[in-house]
1. Any chance the stretch 602-614 includes a residue that's touching a helix residue (DSSP H, G or I) at 6+ places or on another chain (Cβ under 7 Å), buried (at least 19 other Cβ atoms within 10 Å of the Cβ), in a loop (DSSP other than H, G, I, E, B) and hydrophobic (A, V, I, L, M, F, W, C)?
2. Quick one: which helices (runs of 4 or more DSSP H) lie wholly within the stretch 368-478 and hold at least 2 residues that are closer than 30 Å to Cys563 by Cβ?
3. For the stretch 208-223, give me the residue count where each residue is closer than 18 Å to Thr473 by Cβ and in a helix (DSSP H, G or I).
4. Of all residues in the stretch 98-123, which are of a type outside the set (Gly, Ala, Ser) and under 25 Å from Asn251 (Cβ atoms)?
5. Out of Leu401, Leu390, report the one residue that is in contact with a Phe, Trp or Tyr (Cβ under 7 Å, 6 or more places away or on another chain) and buried (at least 17 other Cβ atoms within 10 Å of the Cβ).
6. So, Gly249, is that one assigned by TED's automatic domain parsing to the domain that holds Ser465 and closer than 24 Å to Ile472 by Cα or not?
7. Output the qualifying pairs, or none if there are none: Cβ atoms under 6 angstrom, residues six or more apart or on different chains, first residue in the stretch 303-320 and more than 17 Å from Lys122 (Cα to Cα), second residue among the aliphatic types (A, V, I, L, M) and surrounded by 20 or more Cβ atoms within 10 Å (Cβ to Cβ).
8. Would you be able to tell me the number of residues in the stretch 282-339 that are in a loop (DSSP other than H, G, I, E, B), of a type in the set (S, T, N, Q) and farther than 30 Å from Asn362 by Cα?
Amino acid sequence: MTIENQPNYAHDKSEDGFMVKTASSIHLIPLDHIDGFDVRPGFYESPGATAIPCGVNFTVHSHHGTSCELLLFHRQETEPYAIIKIPEHYRIGNVYSIIVFGLDIEKFEYAYRVDGPSDPAKGIIFDKTKLLLDPYAKAVTGQRVWGAKPVKGDAYKARVVKDDFDWGNRRPTLIPMEDLIIYEAHVRGFTKHNSSLVLHPGTFEGMMEKIPYLESLGINAIELMPIFEFDETRDQREYNGRQLLDYWGYNPVSFFSPNTSYAARREYNREGNELKSLVKMCNDHGIEVILDVVFNHTAEGNEEGPYFSFKGFDNNIYYMLTPDGKYYNFSGCGNTMNCNHPIVQQMILECLRYWVIAYRVNGFRFDLASILGRNEDGSPMLKPPLLQSLAFDPILGHVKLIAEAWDAGGLYQVGNFPSWSRWAEWNGKYRDDLRSFLKGDEGTAWAAANRIIGSPDLYNPEQRSNASINFITCHDGFTLHDLYAYNQKHNEENGWNNTDGTDDNRSWNCGAEGETDDPEILCLRRRMVRNACAVLMCSRGTPMFLAGDEFGNSQYGNNNAYCQDNEISWLNWNLLKENKDLFDFFRYMIAFRKSHDVIRRNTCAAVCGFPPLSIHSTQPWQHNFQWKDRLIGVMFAGRVQDSSIDDIVYLAINAYWEPLTVNLPSLPSNYSWRLAVNTFVDGPDAVLPEDRMPFVAGSMELGPRSVAVFQGGPRSR
């Protein structure tokens, strides 16, 4: 019997037990008595802690453990007020399950202690003195105040969460992958700066206050950097007068629990309701929510790291271990989750199902996802069972699955990630090739053109038409402003002598390193940002960009701001007013993309006979690029279903430092080209509404380092 179909426990208790009422009869269930509590065996198929009408069900499992204790604490107390040893006859297989009657979920917190053998050479390290956080905890105590270390001697504990959030009669948003415009954001950094002018800065509530802004920008998906409970104080230190924290959140403590420090107010035993409100409000405004999830490692680290959960339940099951019991480190963070062990597979699947059912999230981006395809010995698997299970799970059937298809162990799988046509990928090659081409590197034209048409050399369009997540910037690296303001990274404030972060930035400072007052350099930088935006929005695949890029946010040259919980990472909303032209350009390009199906997908065949995708150089239909060529043209053509009118979009990119002339393909006699975008023009005239688009007579001189977008259609349009 599971919790979902449990009988209704009556509140009247006799000396002999509890009364159970079913539709046809009343039964007396005998009880055991431990440490002053009435208990009985629980619901073995329901891991975690769940409230039932007369108490709480606790279920946990350990393969090698020999005994298990449940510890109950009053709020914020470090010593338990009760220790309940779960009877051996309450164990079935490797599962301990117990119902404790009479508990009020708002009056206690809980943890476990598990005893078992110790054989470090085999990775078995049970310690019955250690308090353990429930791996299935739905809420974690000890991290409510951002940046505050837990009280000395305290440990992570869990709360029982009552899921009573009212979702109403809403239907799930089901925006096709190719129609998404993804906006990557950090919950705290999005509104923490005082310029955000929200009532609850740095919180889910603060983000909700900015939904009208997101709606006006035109994005329809927001990818939240990690919101699972994590330990931002793990590597807390001071440098140059700043407190440095693990700000990004790629340091999970609990996979099932939302980060309580991101909530504007305490949610005792209703943890997650504020996040659910954010998801609901986003969906109500046509914005899907994608969570950046981290299943590749945990905050327990290696042999020198803390011991608070998985190590104490089954260290050699949850983590990949070397033959001598040490930790493999394919994550770069000390340990690596053993994702394809059946127990870990099951936990990850149940976790994702939980976020979809309880929080109605629309998708997941998997950090260092190549780890999810490694075997228990670390070797890559041809058909990883975890990835296959996620691809075919019915509950996850409509959610987006996005892989960061590499890991810190050198496994790079962009274009080769095991997919079953279900997984999309962060296309790191799109980022690299477009960065190189846009700044004028020789020999990159063909690679850039292929990225723009959907990377068919990586993704067979017949099998994986929606696989490419195109991006030029993300949280990991330069902002778009900094990409054209710095030649080198400037991570000195991280305290590692500028040795951290990648050196392969493919950036260009346009003539001066960092901030400058030179008007020509500033004009060029704005143009380069517009170029990147225009190309991204006119590329086949799903575009993604970093929050703040749309108004020129800077991290002052820091390309690895993982520890900067300050003005380096927080969005400076004053720049929105200062760079309104840039915001308007982003908004226009997003709307332009939405209005042209031919950019996003293959439509019906064009009446004029043009192929759906074609690559050109200075001359139409020629693409035998030479090493020094720096002008490419990409044309999208087709017609909307049930229409006889062609929609044609031509993207022309001049990455050279002198003007170049582009000759456009000849159109049918009743069609003409019109200019929609010209990034060489500074200010608002870089984009043109449809009623002001000038006609172009077959060719146009493109200014140095500029992008033009042409729209082809009937002359009467």
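The values are calculated or read from the model by the stated rules, or taken from the named source; none is laboratory data. Worth saying up front: this structure is predicted, and the values here are computed from it rather than measured. We place every Cβ from the backbone using ideal geometry, glycine too, and count neighbours over all the protein chains shown.
1. no
2. 428-438
3. Qualifying residue count, the stretch 208-223: 2.
4. Result: Glu109, Tyr110, Tyr112, Arg113, Val114, Pro120.
5. Exactly one of Leu401, Leu390 is in contact with a Phe, Trp or Tyr (Cβ under 7 Å, 6 or more places away or on another chain) and buried (at least 17 other Cβ atoms within 10 Å of the Cβ), namely Leu401.
6. So Gly249 fits the description; yes.
7. What qualifies is Phe308/Leu133; Ser309/Leu132; Ser309/Leu133.
8. The number of residues fulfilling the criteria is 3.
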